[in-house]
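Chemist: To start, I am sharing the structure in question, which I have written as structure tokens.
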Amino acid sequence: MRSSAGLPPWHPDPVNGPEIHVDFAPGLRVFVPHGRRSGATPVATDGSSTLGHVVESLGVPLTEVGGLVVDGRAVAVSHVPLAGESVSVRAVPRPQRVPGAPLRFLLDVHLGTLARRLRLLGVDAAYESLDIGDPALATRSAAERRVMLSRDRGLLRRRELWAGAFVYSTRPDEQLRDVLGRFAPPLRPWSRCTACNGVLRAASKDEIAGQLEGGTRRSYDVFARCGECGRAYWRGAHHAQLEGIVGRALAEFGSEDSESSEDSEEAPLGLGSGSSGDPA
Ligand SMILES: [Zn+2]
């Protein structure tokens with residue numbers, strides 16, 4: 001063991017705590033320093049911090065940890081590591097179940113495109129377009145039991161969160177695949193307002209006539225309106241890019257339920273091409 005003689009006398013000596021070895025699952029190595037990405041490496045602990053704290057302090061949000069295994073035995077994040085222990089940090093299983101509430105999400109200010117794409121697929125995705133701050137986001141996650149989606153590790157460390165998930169990519173198409181693959185939410189495309197996350201309801205042409213251009217009024221007969229913000233939608237020629245997003249998501253992640261509902265009488269309405277809530 002190294003001596004602390006070279007350190008100033010008031011400096012806490014981390015080397016005097018129990019040394020453990022920690023190995024991170026490949027999917028978690030993006031969070032840890034380069035030197036810890038290729039297998040088990042030694043970590044000096046302070047003898048009183050929990051293993052959850054140790055893992056977090058190495059950079060891994062606990063929202064991404066699916067299990068902690070010490071010398072072959074599963075332990076809780078509250079486990080206080082002892083000298084010589086070998087720890088494996090596992091990634092969350094995919095798909096990940098979030099018990100206790102219907103699956104719904106809250107996205108931070110940086111994930112607006114992802115929010116609109118999730119809504120396009122009918123996934124309940126609340127989004128804060130203003131930066132209301134981490135405490136307010138965490139409080140909303142808890143109050144509404146929403147899974148917080150963010151690329152901000154500090155936000156994901158907040159204890160108030162109902163649940164959270166790190167979004168691994170900066171690219172919206174990869175972000176969407178990440179969230180759909182991780183949580184496997186039921187998909188009901190064209191059933192939710194992309195602008196505000198409200199649920200669309202069938203509407204007569206008369207009800208929304210004032211919101212339609214003349215050409216749209218003449219060309220379409222099936223209409224819907226957002227129950228929250230009142231925006232009008234109609235079944236029509238969808239923007240090709242939106243069709244592509246929906247088609248790819250259904251092909252890779254669509255459940256049998258969501259596929260069969262497409263052909264049923266209850267099929268949700270399509271977004272009109274005049275929608276300005278374009279998720280692209
Ligand atoms: Zn709306």
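The values are calculated or read from the model by the stated rules, or taken from the named source; none is laboratory data. No experiment lies behind these values; they were computed from the predicted model shown. Heads up, the Cβs are rebuilt from the backbone with ideal geometry, glycines too, and the neighbour counts pull from every protein chain shown.
Chemist: For the condition within 16 Å of the ligand (Cβ to nearest atom) and under 28 Å from Val147 (Cβ atoms), what is the one hit in Leu200, Leu176?
Modeler: Testing whether each residue is within 16 Å of the ligand (Cβ to nearest atom) and under 28 Å from Val147 (Cβ atoms) leaves just Leu200.
Chemist: Would you please name the residue that is surrounded by the fewest Cβ atoms within 10 Å (Cβ to Cβ), looking only at residues in the range 200-224 that are closer than 20 Å to Val123 by Cβ and free of Cβ contacts under 8 Å to residues at least 60 places away in the same chain?
Modeler: That would be Arg201.
Chemist: Only one of these is at pLDDT 95 or above and outside the structural domain of Glu56 (by TED's automatic domain parsing): Arg153, Arg231. Name it.
Modeler: Arg153
Chemist: Tell me the residue from Gly164, Gly247 that is among the small types (Gly, Ala, Ser) and either in contact with a Leu (Cβ under 8 Å, 6 or more places away or on another chain) or on the phi > 0 side of the Ramachandran plot (or both), please.
Modeler: Working: Gly247 fails: either in contact with a Leu (Cβ under 8 Å, 6 or more places away or on another chain) or on the phi > 0 side of the Ramachandran plot (or both).
Answer to the selection: Gly164.
Chemist: If the requirement is being more than 23 Å from Arg151 (Cβ to Cβ) and surrounded by 12 or more Cβ atoms within 10 Å (Cβ to Cβ), which of these qualifies: Thr50, Thr63?
Modeler: Thr50
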